[in-house]
Structures are given as C-alpha cells and as structure tokens.
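Structure first, commentary second.
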Amino acid sequence: MMNVRVVAFDCDGVLFDTLEANRHYYNHILEHFGRPAMNEAQLRFVHAHTLQQALQNLFEDERLRQAAYDFRQTIDYGGFLKHLTMEPGLVGLLDWMHGKFHTAIATNRTDTMKHLLREFRLSDRFDYVVTSLDVERPKPAPDPLLKILAHFKAHPQQALFVGDSEVDASTAHAAEVPDAAHHNPPLPDDHFTDQLQALSPIFER
C-alpha cells in the first residue's frame, strides 16, 4: 500500500450505530401503510442500501412505493436520533487525523446525512461527503469512492475505505481501493478492526 492520503468512511455501522434508528424509521413508514414490521433480513438490507432501494424492497407495488416515498418526505428524522449512537473513539480518531489525512464519507444515505452530522457536531470534521444523491450509481458501484478520489486527486492505493458490510467491500474492490472491515471480520477486506482508534497504525503503515 502507498502512503495513505485519503480515508473514507461508511456512515451506518461505522461512524454511528444506526441499526435501531433504521429499524424504527422504516417500521414507522410501514406502520403508516398498515404493513407489518420488518424482519431481520429486511432490516439488514435497508441498513446497507439507499432509501430508494429500501422502499423497493419493502413495497412491491409501485404506486404504494411512491406513496411511501412521499410520506417519508414529511417525516422529521430528528425524532429517530434517540435510537442512534456515535461510534466510541470516533471524535478522538478524527482529532488525531486532522492535518494528517483528508477525511471523507461515502454513504448510501440521502438527505439525512447533513442532519446527522449537524446534530452530532461533526460537519466540520469531514473534508468531503458523498451520499447516494451525489452519484449516478450508489454503492456497491465504485462511483462514490471514485468521486472522492477525483476530488482529492488521489490514486486508489493512496486511499483507505472503512466499511462494515458486503456492499462496502464490493464498493472498495470495484474502485480498487484498499479497505478495512469494522465489526465484521468475515468480510474479505484488507484489514479488520473492532475499534476505530485501532485504525491509526493502518493509516500510517
């Protein structure tokens, strides 16, 4: 690996534990339309995919899916933040990285990302944020990471992507960017960590 210049993070499962927030969010939409709550397989799917892909998975009928999307736009996401926790060690890691590396986010979230960063006072701690709204093809396509590489004029081997899902691993491999699996050792990643602050030796390796 070349010297790392750019470190990109996934959001859900890496920067924040958002599983329960996603559970309550999508179950709220389902409940509004009289649908049963998600099973665990559906929860894992919506946790790693875009809003559009999640609604397509949960609502087979196109008309109902559009109604669900319209209803979703009336929801105040702030009400779900109580179900969400920041990953331990994140702020300390970002403080250590400041001035040493460019920091970025590559997420399949949409317009909730700005709200999330603002609420936890992290907006100024990331140099560049790419959501599914910013690319033609979201993860697992390589587009989010390629956009980040282009922004910083970096070679793939000068970057590291920290993710937690098969979607993230596929994204990194498609972009030829080395990656680290967080909290998910079975993934075929280049590195593994169960604590964010343990990533610092990998960045400097």
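The values are calculated or read from the model by the stated rules, or taken from the named source; none is laboratory data. The structure displayed is predicted, hence computed values, not measured ones. When we count neighbours, we look across all protein chains shown, and the Cβ atoms used for this are built from the backbone with ideal geometry, even at glycine. With ligands, DNA and RNA removed, areas are computed over all heavy atoms of the protein, side chains included. Shrake-Rupley method; radii C 1.70, N 1.55, O 1.52, S 1.80 Å.
In region 127-136, the condition of being without any contact (Cβ under 8 Å) to a residue 12 or more places away in the chain, in contact with a Phe, Trp or Tyr (Cβ under 7 Å, 6 or more places away or on another chain) and open to solvent by 80 Å² or more (accessible area, probe 1.4 Å) is met by no residue. Of the residues making up region 96-118, those that are more than 15 Å from L199 (Cβ to Cβ), assigned to a loop (DSSP other than H, G, I, E, B) and either touching a strand residue (DSSP E or B) at 6+ places or on another chain (Cβ under 8 Å) or not charged (D, E, K, R) (or both) are G99, T107, N108, R109, T110.
The condition (being under 16 Å from the mean Cα position of the chain (by Cα), outside any loop (DSSP other than H, G, I, E, B) and not charged (D, E, K, R)) is satisfied by just one residue among L81, L55, L30, L64: L81.
N57 falls short on exactly one of the conditions (1) open to solvent by 10 Å² or more (accessible area, probe 1.4 Å); (2) under 23 Å from T103 (Cβ atoms), and that condition is (2). One residue stands out in region 119-140 among those that are assigned to a helix (DSSP H, G or I) and of a type in the set (D, E): the one that is modelled with the highest pLDDT, namely D134. Can you name the residue in region 1-35 that is aromatic (F, W, Y) and open to solvent by 10 Å² or more (accessible area, probe 1.4 Å) and is also farthest from F80 (Cα to Cα) among such residues? In this case the residue turns out to be F33.
Among residues of region 111-122 that are buried (at least 17 other Cβ atoms within 10 Å of the Cβ), those with a beta-carbon under 7 Å from a residue that is part of a loop (DSSP other than H, G, I, E, B) at least six positions away or on a different chain give the pairs M113/C11; M113/T107; M113/T131.
Applying a threshold of 7 Å to beta carbon distances and a minimum spacing of six or more residues, or different chains, the list of pairs starting in region 78-97 at a residue that is within 22 Å of I202 (Cα to Cα) and ending at one that is among the acidic types (D, E) and open to solvent by 50 Å² or more (accessible area, probe 1.4 Å) reads E87/D17. Looking across region 16-57, the residues that are closer than 24 Å to A175 by Cα, touching a helix residue (DSSP H, G or I) at 6+ places or on another chain (Cβ under 6 Å) and not β-branched (V, I, T) come down to F45, H47, A48, A54.
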